[in-house]
1. Pick the calculated Kirkwood radius over Cα pairs in Å for this structure from [x] 29.7; [y] 37.8; [z] 31.6?
2. Report the relative contact order of the chain, percent, no decimals, based on alpha-carbon pairs under 8 angstrom and at least 6 residues apart.
3. Per the helix-only calculation at 222 nm, which mean residue ellipticity applies to the chain, given -39500 (n - 2.57) for every DSSP H run of n ≥ 4 and division by its residues, nearest 500 deg cm²/dmol?
4. Can you give the FRET efficiency for residue 244 and residue 218, using 1/(1 + (r/R0)^6), R0 = 22 Å, r = Cβ-Cβ distance, to the nearest 0.05?
5. Under a point-charge model restricted to the Cβ atoms of Lys and Arg (+1) and Asp and Glu (-1), what is the dipole moment magnitude of the chain relative to its Cα centre, in debye to the nearest 20?
6. Apply the Karplus parameterisation 6.51 cos²θ - 1.76 cosθ + 1.60, with θ equal to phi minus 60°, to every residue of segment 56-62 and state each ³J(HN,Hα) to the nearest whole Hz, in sequence, with x for glycine and proline.
7. With +1 on each Lys and Arg Cβ and -1 on each Asp and Glu Cβ, and nothing else charged, work out how big the dipole of segment 485-592 is about its Cα centre, in Debye to the nearest 20.
8. Rounded, prolate or oblate: which fits segment 379-420, taking a ≥ b ≥ c as square roots of the Cα gyration tensor eigenvalues, rounded meaning a/c under 1.5, else prolate when a/b beats b/c?
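Each reported figure results from applying straightforward, stated rules to the coordinates on display, with no laboratory input. Computed from a prediction, not measured in an experiment: that's the story for all the values here. Every residue, glycine among them, receives a Cβ derived from its backbone with ideal geometry; neighbour counts consider all protein chains shown.
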Amino acid sequence: MTAAAPSGVVTFLFTDVEGSTRRWEANADRMRAALAAHDEVLRQVIEAHGGWLFKHTGDGVCAAFASPRSAVDAAVAAQRALELPVRMGIATGEAEMRGTDYFGAVLNRAARVMAAGHGGQILLADSTAGLLSGVDLRDLGQRRLRDVPMPVGVFQVRAAGLLTDFPGLRALDTTPGNLRPATTSLIGRESEVTEIAAALKTHRLVTLTGVGGVGKTRLALEVAARLADEFPDGVWVFELAAVTDPAAIPDSVASVLGITQQPGKSVTESLAAALEGRVRLLVIDNCEHVLAAAADLIEAILAQSATVRVVATSREGLGVAQEQVWPVPSLDGIPLAIELAASRMASMTASEVRDRLDQRLRLLVSSRRGLERHQTLRHAVAWSYDHLEDAEKALLERCSVFAGGFDLQSARAVAGLDGFDDYAVLDLLDALVRKSLLVADRSSGRTRFSMLETIRQFAEEQLVAHGEAFEIRAAHSRYFAGRETDIMALWDSPRQREAYQWFSTELPNLRTAFRWAADHGDLDVAATIATCAGFLGMAVEKYEPIAWAEELIEPAGTVDHRRLATLYVMASQCWFVGRVEEAVGYADAAQTVIGTGHYEVPYGTEVALGIVYLVIGQPERSVEWCRAQLARGHDTHTLTRYCLVVALAIAGAADEARAAANGLIDAAEATHNPYALANALHAYGYAFGDADPIRALEALRRGLVIAQDSGNRYVESLLATALSRVEAEHGDPLAALDHITLAIRNFDDSGNVAYIRSALATLALFLDRLGRLEPAATLAGFALNPLTATLPEFSAAIAHLRDVLGDQTYESLARKGETMTTAAMLTYAYDQIDQARAELDAVAK
């Protein structure tokens, strides 16, 4: 019997079939029958648990429950019975009945929670989770969901018979990209927003010009927010103000997008190629100090991709073809000047503000318009600066050296305030925030300070004028080099994720600190930053610091610097971005230097050299290196044993690999280091995948969770690849598809051109096992490289494909794959994954 419609505080269950569009296109008749069975299952379980099914939404339903527990129980029962992959979202709140439908914010919340999930997953908003007891929930943390103004706590339901491992939540923000919601309303610019948005439809580049502080950035961001829904690949904002070296502009933009240099291409060419076919809006802010470099980059992007559009801000036009220059006029005054004046209303009367403005602006009446606007802004900043206490002025000036913001600790150290206690420095920072000279951002849970660029430039001018710039910039570089000990102590502990978060947050400061130290011959500081940042960057798939290490090898070799070996090790990782020949050269040189016994490479990172030899298809050489290191007693974090196990397995020495893996997990656990343990579990699963698949699966699944929890995307990707192979042969084929999808996406996002082929080789093995021979051969043609060629199972799969398809057909399909671009191959691979999933679903029925 159908329940009555609940009212008041209601718990809503929203469902949706994952990948339904492709399923309809692949086989409409099969999808029609599957959906009918799906509808019947949901109707029965919802009614059986006292719910009211009030709406169908294409391939899903919306149901209301008076009891949160009933909604969860219904969802669990449905997932156990459903054959299609269905994602479910549950939220509780007040709702209003209108006819046979409901209205209220809680419905949007339930829909957005559902949209964040994956097929087979049940997600709850915190509004429901807080009302439950006796339900096994996994806390996925606070998440920003589309059209929901505040972060929502999201929980995953765990129960017998349900899948437990899923990729990361899909909807962490409104759209792809990094555009943040505006925290204030834009006043007086509505017509400009409309006109600029229209201009972007006819011009691929619109440059907003005007003096600093006139509101160019705010206007550009408002236009971007207005147009966000028209760019399915996202709106991406690039702040160039902190990048002082024009040559670093392509690296800075590539870092934000997660794009890395491809073999035989410059960074600019790699960026342009990666953006081809992407429907993206790029907001490139503060171009004036790097005008030519910004123009070159934008010109290259627009020449390569017809689907990318750009809004730039600058004090002058870029001079690029197709550019529409849009001068941004002032309102009743300069917005920054108005803002600063308004901030003074807390300590001055309106009459005093008026009198001060008259005094400051009197000399500017007869100036030319351009100069007048510039001087008005400069005097507006100077006016606020003049009213600061001496200690506030000193702090503001000295903090102008930071790029990308700073915190209390870094302000104390760089500004020379070590003699002050925290509260005294906080008082100064608070005063500058209240006077609108600093901005405090607390969104990460820790307060971080930054300056508007115009204020930063003014403060930097004062620092130079007072003769302190050299000293403070040197202190800035020394400070970030000096953080190595504390940050690496975090890395070498269960709090490893915090070290990776620090690196990601401070990358702009690390870049600036490295550049200053390198340019001024401070090799100790530069080498420290390059090696620490290089190591942490690899874990989170940010490869820019590898080039820093390369830059220092020659000067470090000249003086026989103590970090020479570590610099070689870091530089050898350039194979990530496809520079394999250079990587081997660096690895060979590193072996020679390390072999002298005069250098130490910390934290077991010399293992990276063994990985280089695996990448070039020489596992025996990797085995030799690892054994030599173990003989010297160099294995502080069990990483050399990890590399040895994997190298032996790849070399075909399965028994030796398993022997080397025994006891490795226990040894890694004793380090209390998540990186070491995740790698050990990877090695164990790799070695025992065929001999003991159950234990291998347990090890790999555990390793994947550890890598994800510790924030190590690189190891996460390796584990997902290995787990996919073992799941496909001995476990859950559908889970194998989920894992290989995760690995392919991570390697693609990071630009890891070597390992993406390994992931696609694993997919080819899976398709061969399913009997999908033609796509398996096509993928194998693309994936074949020195590393995959040494994998026994890959060679066996190619032999099988040749035997069944015939040499001529196989060669034709393999050549097709070999000649495909990476972007085309990834599109092809994702389509094959969807088709394989549909086939497995059909068999399961």
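1. [x]
2. On the way: 1409 pairs, mean separation 59.1, N = 845.
This gives 7 percent for the chain.
3. Value at 222 nm, helices only: -18500 deg cm²/dmol.
4. Working: r = 23 Å, r/R0 = 1.05.
For R0 = 22 Å, the calculated efficiency reads 0.40.
5. 1480
6. 9, 10, x, 9, x, 9, 10
7. With Lys and Arg at +1 and Asp and Glu at -1, about 300 debye.
8. Working: a/c = 3.25, a/b = 1.55, b/c = 2.10.
Here segment 379-420 falls in the oblate category.
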